[in-house]
Amino acid sequence: MKFGIQREALLRPLQAVSGVVERKQTMPILANILLTVSPRSLAITGTDLELELVTHVALEGEVEEGRVTVPARKLTDIVRALPEDAEIRFEQEGEKMVVRSGRSRFTLATLPATEFPAMEAREEATRLQVPQGHLKGLLDRTAFAMAQQDVRYYLNGLLLEVGDHTLRSVATDGHRLALCECGTEHDPEGGIRAIVPRKAVTELAKLLGEDEELVDIEAGGSYLRFRLGDTGFTTKLIDGRFPDYEQVIPSGNRHHLTADRRLLRETLQRAAILSNEKYRGIRLEIRAGEVAAVAHNPEQEEAEATLEVDYNGPEMEIGFNASYLLDALGALDSEQARLQLADSNSSCLIDGGEEGDCRYVVMPMRI
């Protein structure tokens, strides 16, 4: 194997693929990435057995075809440390990969490409195309509500659902729920319903752009595959039953509080400074025309911040985890925020009024 490439052409795809590789491995081959050289391109593949990322980079000049695996972290660090606009030459010599650039030379150990595991998509697939920006927006505005290492393993991911010309993302950790949706031109027969693991959601969000360029989605029974230009991203799915989120979203909250989203978020941030660091509890004292955010901690310190709002319902006191409210308000892309309330013991529904396509449910807490 032999090829040459510019540093800038290699660094970004190399960093993306290396992000999939786990630092702690049970199999030595999983610490490596697979380099596949063809006459006109270099394919870089990384996997952790649950995710697989493949990206292609164009090659010019003298090329010698071949396949081999090299240590992902070490190669990434080498390329990152080289000067800008550096020309890098790769040449396999026996069981070593020699990397040369200018007056620098690095010799890396390799493992055979035949040992590298490949994720095969064998099931009958359902296909869909959506703009990258739309999918990225859904992930960015719901992923924060995923659980982390919950024994209810199906909560440690995000539900992607397609049906009735709507693409929807839903995440919940049992204390809060985030739901966003957008329209789709395509409506695949049978629809798509897939629970995407946390790590896959994080890595996919890094790859997606903000534009209208389309991403191809291929859904099998146990995997999702995304194709973005020269990059292919495949993830195994969480095999479980996601909660019936429609039952969680309150429909009878008659009392509506409307406020400037930015000002409400800043008010809550100020009060939360003196909240209990572990539980992050904050109490909202709601009355006609205003809301007071009150917080205290075990050191007997207290904070209170008040904001004028549009509210004409009964006086109410209700406690929340401040972080949950701030996350929801930060994810909204509307100027206004609307809190729909029933009473002090019922969950709160947060949305952007008539402006947005996102809804957030936050359970109350005792303070």
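The values are calculated or read from the model by the stated rules, or taken from the named source; none is laboratory data. Computed from a predicted structure; not experimentally measured. Here the Cβ is made from the backbone with ideal geometry for all residues, glycine too, and neighbour counts use every protein chain on show. Areas reflect the complete protein model, heavy atoms only, side chains present, ligands, DNA and RNA absent. Shrake-Rupley method; radii C 1.70, N 1.55, O 1.52, S 1.80 Å.
How large, in percent, is the carbon and sulfur part of the accessible surface of the chain at a probe radius of 1.4 Å? Numbers along the way, then the final one.
Working: 8160 of 18510 Å².
Carbon and sulfur atoms account for 44 percent of the accessible area of the chain.
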*For the chain, cysteines whose Cβ has no other cysteine Cβ within reach (under 4.7 Å)*: C182, C348
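Go through region 113-166 and name the GluC sites (Glu not before Pro) that are in a DSSP coil and have 13 or fewer other Cβ atoms within 10 Å of their Cβ. Spell out each step's value before the answer.
On the way: sites: E115, E120, E123, E124, E161; in loops: E120, E123, E124.
Those satisfying the criteria are E120, E123, E124.
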_Shape verdict for region 70-143, please, from the Cα gyration tensor: rounded (a/c under 1.5), prolate (a/b greater than b/c) or oblate._
oblate
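Dipole size in debye (nearest 20) for the chain around its Cα centre, Lys and Arg Cβ +1, Asp and Glu Cβ -1? Write down the numbers at each step before the final one.
Values: 42 positive and 61 negative charges, 289 e Å.
So the magnitude is around 1380 debye.
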*asked:* Once each part is reduced to its C-alpha centroid, what is the distance from region 206-263 to region 1-66 in angstrom?
replied: 28 Å
*Kindly report, to the nearest 10 Å², the accessible surface of T126 as traced by a 1.4 Å probe over protein heavy atoms only.*
40 Å²
*Value of [θ]222 nm, deg cm²/dmol, for the chain, DSSP H segments ≥ 4, -39500 (n - 2.57) each, nearest 500*: -5500 deg cm²/dmol
*Using Cα positions and a limit of under 23 Å, work out the lysines in reach of K136, with same-chain residues fewer than 8 apart set aside.*
K199, K206, K236
*To the nearest 20 debye, what is the magnitude of the charge dipole of region 5-141 about its Cα centre, counting +1 on the Cβ of each Lys and Arg and -1 on the Cβ of each Asp and Glu?*
460 debye
_Taking the solvent-accessible surface of protein heavy atoms with a 1.4 Å probe, what is the per residue accessible area of the chain in Å²?_
50 Å²
*Projected onto the charge dipole of region 221-367 (+1 at Lys/Arg Cβ, -1 at Asp/Glu Cβ, origin at the Cα centre), which of H256, Y245, I273 gives the Cα projection farthest towards the positive end?*
Y245
